[in-house]
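Participant: Below you'll find the structure I mean.
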Amino acid sequence: MSTDELKTFMATYDWAKTWRDLPWAHDEATLFLAELCAKRKPGRALDIGCGAGTDSVYLAQRGWEVTALDFIPKALEFTQARAREAGVDVQPVEADITAWRAEQPFDLVLDHGLLHNLDPLRHAAYRETVLHALADDGDFILLHWHPLFPGQGNGKMGPRRASREELQGFFAPDLQERFFAREEFEDLPAVVGGGMTQAYYWFRRNQAQLKPAVLMEQVQATFVRHKVDADGLLAAAGDAPIAARLAAPDLLGRLIGPGRLGITHQVPDPADAGQRLREWSMHAGLDPDRVDRLFHLFMSADHGDICGTAPKCPQCEVRFCKRLRHR
């Protein structure tokens, strides 16, 4: 944290007699935590900027091995005291998130309002730390302020607002939004900029970026399932373009967009989709020409119409596709 940020938070904690006095104190667990706990077994959780300790204690009560990280000693004192009262253990770590590195990956990383209080000059280091800490199949839950209305500025102090598009872009291409929710607060003090929209994100690793070779294996397995001899068709075509009739001009953009494979975090313009796919292929160390031709076969109305405008999801082996909701 910068000197100014440190002074502000230290002053707030010095003033607070109990955790309930903190402006960011909350009784209920951060949105999505209950759903996450219902979906996966307890594992290792990292609560960055643990603050009042609500989420750390909530997770520990449900069997998670919790590391509570904060750069303010009193925040850790509050968290440990609440953990003792609840009869659970929480591992405290006093550290600056941008200068700390996890020794082992975490199944869950939680940020209830740290990023939006961080100096933008340190955002890149924050992002690197989160990605380093998050397991390949891990979940990342984030609370962040949005503008209440277009063009709304920030206050003299307090969280900085960012739009959904900006946050999606900040974590792309490594993370992909799974769930999103928002709640509006219309009447807040002018010192924090007035009203705001409080947004909640549930991100997961973008498997198309993490394991591109596996994605292509899944595409090939789908061809086999549909009895499409993709390699034979490519060999027969030679250097000529694959004769593949597509059902819609924007189909490639939809396929590589966030609603399906997530190669791009926004659906690209149809004219740009081919180049975006080529860039992904080259970055992944794949043959861009082969990938392009395989994807056109995958969408082709002439070769099974596997992933056309009405994708055959129940007969698809591509487990990374968001249409399958990470099945």
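Participant: Treating only the Cβ atoms of Lys and Arg (+1) and Asp and Glu (-1) as charged, compute the dipole magnitude of the chain about its Cα centre; round to the nearest 20 debye.
Facilitator: Dipole size: approximately 760 debye.
Participant: Using the reciprocal of the averaged 1/r over all distinct C-alpha pairs, how large is the Kirkwood radius of the range 86-134 in Å?
Facilitator: 12.1 Å
Participant: Select from G274, L246, F320 the residue farthest towards the positive end of the dipole of the range 209-324; place +1 on Cβ of Lys and Arg, -1 on Cβ of Asp and Glu, and compute about the Cα centre.
Facilitator: Final value for the positive-end residue is F320.
Participant: Measuring from centroid to centroid over Cα atoms, what is the spacing of the range 105-155 and the range 168-191 in Å?
Facilitator: Each part reduced to its Cα centre gives a spacing of 9 Å.
Participant: Still on this structure: In square nanometres, what is one fourth of the surface area of the convex hull spanned by the alpha carbons of the range 209-324?
Facilitator: For the Cα atoms of the range 209-324, the hull's average projected area reads 6.4 nm².
Participant: Pull up the DSSP beta bridges for the chain and report the antiparallel fraction as a percent, rounded to 5.
Facilitator: 50 percent
Participant: Evaluated at 25 °C with a viscosity of 0.890 mPa s, what Stokes-Einstein diffusion coefficient in µm²/s does the range 3-205 have when Rh comes from the Kirkwood expression over alpha-carbon pairs?
Facilitator: Details: Rh = 17.2 Å.
My calculation gives 143 µm²/s for D.
Participant: Here is a further query. Filter K211/K312; K74/K156; K39/K312; K7/K74 down to the pairs with a C-alpha to C-alpha distance above 18 Å, please.
Facilitator: Check vs 18 Å cut-off fails for K211/K312; K74/K156; K39/K312.
Participant: With only alpha-carbon pairs counted, each pair once and no self-pairs, how large is the Kirkwood hydrodynamic radius of the range 123-271 in angstroms?
Facilitator: 18.5 Å is the Kirkwood radius here.
Participant: Kindly give the semi-axes, whole Å and largest first, of the ellipsoid equivalent to the range 8-88, taking each as the square root of 5 times a Cα gyration tensor eigenvalue.
Facilitator: Equivalent-ellipsoid dimensions as semi-axes: 23, 12, 11 Å.
Participant: Could you state, as a whole-number percent, how many of the C-alpha pairs of the range 244-283 are farther apart than 13 Å?
Facilitator: More than 13 Å apart: 45 percent of the Cα pairs in the range 244-283.
Participant: Suppose a student asked you for the relative contact order of the chain, using Cα pairs under 8 Å spaced at least 6 residues apart; what percent would you report?
Facilitator: Working: 558 pairs, mean separation 36.1, N = 327.
Relative contact order comes out at 11 percent.
Participant: Sticking with this one: With a Cα-only, solvent-free Debye model of the range 268-327, what are the log10 I(q)/I(0) values at q = 0.14, 0.28, 0.29 Å⁻¹?
Facilitator: Here the Debye-derived log intensity ratios amount to -0.46, -1.17, -1.16.
Only the coordinates and a few stated rules stand behind these numbers; no lab work does. Predicted model only: the values in this text are computed from it and were never measured. Here Cβ is always computed from backbone atoms with ideal geometry, including for glycine, and neighbour counts include all displayed protein chains.
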